[in-house]
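Notes to accompany the following structure.
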Amino acid sequence: MERQLRSGVGWRLGWDPDAPEFRGLVGGETWAIELTDAEFKDFCQLLNRLVETMAQMESELMDEETITCEAASNLLWMEVRGFPSAYTVGLILLSGRRGEGLWPATVVPELVQAAQLLQVY
């Protein structure tokens, strides 16, 4: 697999299989964090899990209700917050170095699609 960088307004995802340590990249409009293989794998898996949870919750909530869901691994903590059809995604890096980021609801559908298309995990 070759190096990939996917981006849109307010988000970036990247993968470089030849990088020595930090092969993944996640970013927003004004921030970016490099991730190890394990961190990037966890990011993709936790993001998918949270997206599925929000889809399942749509039939359980009234139209005006919002929800917050969290998922974590030893390396990352993630949160989605908002309506099941429009929510923010937050990330906190828990490993040796620290970092955090937030994607607004308007960019989440493209971010999720890009994470699924990378297929690096």
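What follows is calculated from the coordinates using simple rules that are stated; it is not laboratory data. None of the values given here were measured: they were computed from a predicted structure. Note that each Cβ is placed from the backbone with ideal geometry, even for glycine, and that neighbours are counted across all protein chains shown.
Here are the numbers:
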quantity: Acute angle (nearest 10 degrees) that the helix 108-118 long axis makes with the longest principal axis of the chain, alpha-carbon atoms; calculated: 40
quantity: Förster-model FRET efficiency, 41 Å R0, Glu65 and Ser95, C-beta, rounded to 0.05; calculated: 0.75
quantity: Backbone HN-Hα couplings from phi across segment 57-72 [Karplus 6.51/-1.76/1.60, Hz, Gly and Pro as x]; calculated: 6, 4, 7, 8, 10, 6, 3, 8, 7, 10, 8, 10, 10, 10, 8, 8
quantity: Stretchable slack from Met57 to Phe22, in nm (0.36 nm times residue separation minus alpha-carbon distance); calculated: 9.2 nm
quantity: Summed side-chain charge close to Asp18 - residues other than Asp18 whose Cβ falls under 13 Å, Lys, Arg +1, Asp, Glu -1; calculated: -2
quantity: Proximal charge balance of Met54 [Cβ under 14 Å; K/R count +1, D/E count -1]; calculated: -4
quantity: Taking N as its residue count, the alpha carbon Rg of the chain over 2.2 N^0.38 Å; calculated: 1.04
